[in-house]
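The values are calculated or read from the model by the stated rules, or taken from the named source; none is laboratory data. Here the structure is a predicted model, which means the values were calculated and not measured. Cβ coordinates were reconstructed from backbone atoms using ideal geometry, including for glycine residues, and neighbour counts include every protein chain displayed.
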Amino acid sequence: MLELTVFFSGALVMVLEMVGARVLAPYVGTSAIVWTSLIGVVLACLALGAWAGGRMADRHLSRRGLALALAGAGLGCALTALCHSLVGQWVTEGIGNLYVAAVAAAVGIFALPAFFFGAISPYAIRLRIGSVDTAGATVGRLYALSTAGSILGTFLGGFVLISFFGSASILWGVSVCMMALSLCNAARGGKIRAALLALCLIGAVMNGMYGSWQEGRGGVRLVESPYNSIRVYEGMDWGEGGRAVRLMATDPGYSQSGMYLDDPAELYFQYTRFYALGPRFVPQARSVLMLGGGGYSVPKWILAGKSALAAPDEVRMTVVEIDPAMTETARRWFGLKDDARLTVEHEDARAFLNRQQGQYDLVFVDVFNSHYAVPFQMGTVEAARALRRAVAPGGALLMNVISAVNGEDGRLFQGIYGALSAAFEEVQVYCVSRPDRPDEVQNLMVVAFPEKREGTARETARAEEAGANADTGMAAMLATRLTGPLVFDTPPLTDDFAPVERYALMLLRQ
């Protein structure tokens with residue numbers, strides 16, 4: 001039984017750690033900073049627990065002691081399932097620094113169960129050692145079993161459990177399993193632990209019922225996947241006369257997609273309306289590639305014929321979205337419908353670019369929509385070359401970037417701009433929110449052309465304004481273009497060196 005206990009404990013602690021990123025995501029995001037904090041805190045608590053478990057085994061060695069350590073881990077997981085939202089909200093509201101907030105959230109949510117998990121292996125090893133002559137073999141065997149269990153738990157958590165169950169349900173499941181292991185290891189004093197096991201089972205059932213009830217009453221819907229923790233909720237846009245909107249969020253405090261309930265194909269966020277520059281520059285486009293689906297706002301807008309494309313019925317659109325759960329969310333809550341003109345590829349955008357051979361008249365990139373996790377691999381020199389190969393002659397690339405233009409807060413944009421400028425003949429920049437203040441963080445629409453456009457910049461601007469005089473919205477967008485020289489000291493991002501986490505810290509001050 002000791003061997004099985006060590007094996008399953010090793011598996012369950014890795015399930016706990018894998019689901020930890022999903023638990024933290026709504027409060028501090030899913031960046032490398034968060035993963036570093038989670039792994040560091042869990043390892044520190046495991047080490048502290050191992051030290052305490054070894055000392056306890058030397059002083060009071062018994063199977064009941066091991067059972068108590070197992071029960072402690074189970075109870076800790078139950079408390080995590082119950083209280084993680086309270087701790088996460090406190091951290092979000094009270095701590096502004098991401099580094100401190102990520103560590104504090106990991107400590108507050110996972111310290112207790114990780115500590116008791118750490119105490120299990122040394123206690124079990126001490127129970128199993130019968131002779132100094134065989135101590136090495138015993139220690140090696142049990143550590144090997146624990147590691148094998150951890151390998152199983154890693155793949156089970158990352159590939160299976162997160163794909164089919166919510167974070168809270170997984171936490172309750174780990175809690176139930178640990179309480180069951182505790183009962184199996186010592187019958188003495190089992191009534192209390194049996195009662196705790198029953199409470200954990202009730203908690204798991206109630207958690208599922210509460211989720212169904214909350215979804216049924218139209219509250220926040222939570223969809224979790226290996227890639228995202230997606231929250232769907234509704235509100236009112238008072239700037240548009242109180243129109244009802246549905247929003248999607250994957251980061252704390254921000255929404256990544258939105259939809260007017262009375263017109264699902266209308267573009268809601270201001271920055272998405274700047275994708276209209278693509279049809280403006282390439283009105284005869286027939287093939288469109290969009291990297292990053294999100295709520296599928298732009299694809300719906302194009303397929304509904306709301307853009308300025310000359311022949312919308314002839315358009316063929318390919319959307320590359322890494323997360324199938326994002327597409328399913330768009331189908332369920334954001335009005336995405338099957339369309340013969342639409343092809344969806346569930347794949348990483350960079351991996352798609354690396355293998356695809358076709359070219360597109362318009363390429364839209366909207367993968368830089370997270371305030372906490374920037375996919376660096378899409379802003380490097382190597383990515384820019386792949387994007388250039390995907391743009392057909394006479395076509396255009398449009399990329400949304402969240403950054404300032406100038407100064408320290410503009411380093412993310414500057415690195416991406418340098419990469420695109422090395423691959424494309426002409427790159428234009430439009431400030432979505434504050435064109436008069438390019439030193440402020442905002443959405444930037446970067447437009448890149450594979451060929452140099454005819455005429456000087458001034459002549460081109462005049463022609464564009466003349467063509468847009470019947471469309472005040474388009475004229476206003478064209479007027480947000482930065483016309484001065486764009487020369488920066490920040491080197492272009494590369495696959496080898498892309499410190500986007502450091503560059504993107506300015507986003508968290510907004």
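Are any residues in the range 1-20 more than 15 Å from residue 156 (Cβ to Cβ) and among the hydrophobic types (A, V, I, L, M, F, W, C), and if so, which ones? Once the filter is applied, which keeps residues that are more than 15 Å from residue 156 (Cβ to Cβ) and among the hydrophobic types (A, V, I, L, M, F, W, C), the range 1-20 yields 1, 2, 4, 6. Scanning the range 76-103 for residues that are closer than 26 Å to residue 176 by Cα and not polar (S, T, N, Q) yields 76, 77, 78, 79, 81, 82, 83, 84, 86, 87, 88. Can you find even one residue in the range 5-13 that is under 27 Å from residue 202 (Cβ atoms) and modelled with pLDDT under 90? Checked the range 5-13: no residue is under 27 Å from residue 202 (Cβ atoms) and modelled with pLDDT under 90. In the range 308-322, the residues that are farther than 19 Å from residue 295 by Cα form Cβ pairs under 7 Å with partners that are of a type in the set (S, T, N, Q) and at pLDDT 95 or above, at six or more places apart or across chains, as follows: 310/284. Here the range 86-141 is the region considered, the condition is being over 25 Å from residue 11 (Cα atoms) and polar (S, T, N, Q), and the residue that is farthest from the chain's Cα centre (by Cα) is 131.
Checked against (1) at pLDDT 90 or above; (2) loosely packed, with under 15 Cβ neighbours inside 10 Å; (3) in a loop (DSSP other than H, G, I, E, B), residue 188 passes all but condition (1).
Contact map, the range 327-347: first residue within 11 Å of residue 223 (Cα to Cα), second residue of a type in the set (Gly, Ala, Ser) and assigned to a loop (DSSP other than H, G, I, E, B), Cβ cut-off under 8 Å, separation 6 or more or different chains; pairs are 329/295.
Cβ-Cβ distances below 7 Å connect the following pairs, each with a first residue in the range 56-85 that is free of Cβ contacts under 8 Å to residues at least 40 places away in the same chain, a second residue that is in a helix (DSSP H, G or I), and a separation of six or more residues or different chains: 79/112.
Yes/no matrix, rows are residues, columns are (1) modelled with pLDDT under 90; (2) part of a helix (DSSP H, G or I); (3) under 18 Å from the mean Cα position of the chain (by Cα):
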{"site": "20", "(1), (2), (3)": "no, yes, yes"}
{"site": "23", "(1), (2), (3)": "no, yes, yes"}
{"site": "27", "(1), (2), (3)": "yes, yes, yes"}
{"site": "30", "(1), (2), (3)": "yes, no, yes"}
{"site": "48", "(1), (2), (3)": "no, yes, no"}
{"site": "51", "(1), (2), (3)": "no, yes, no"}
{"site": "64", "(1), (2), (3)": "yes, yes, no"}
{"site": "75", "(1), (2), (3)": "no, yes, no"}
{"site": "83", "(1), (2), (3)": "no, yes, no"}
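So, of the residues in the range 12-36 that are surrounded by fewer than 24 Cβ atoms within 10 Å (Cβ to Cβ) and either among the small types (Gly, Ala, Ser) or outside the structural domain of residue 185 (by TED's automatic domain parsing) (or both), which turns out to be nearest to residue 76 (Cα to Cα)? Result: 21. In the set (1) buried (at least 24 other Cβ atoms within 10 Å of the Cβ); (2) in contact with a Phe, Trp or Tyr (Cβ under 7 Å, 6 or more places away or on another chain); (3) under 22 Å from residue 165 (Cα atoms), residue 74 fails one condition alone, (2).
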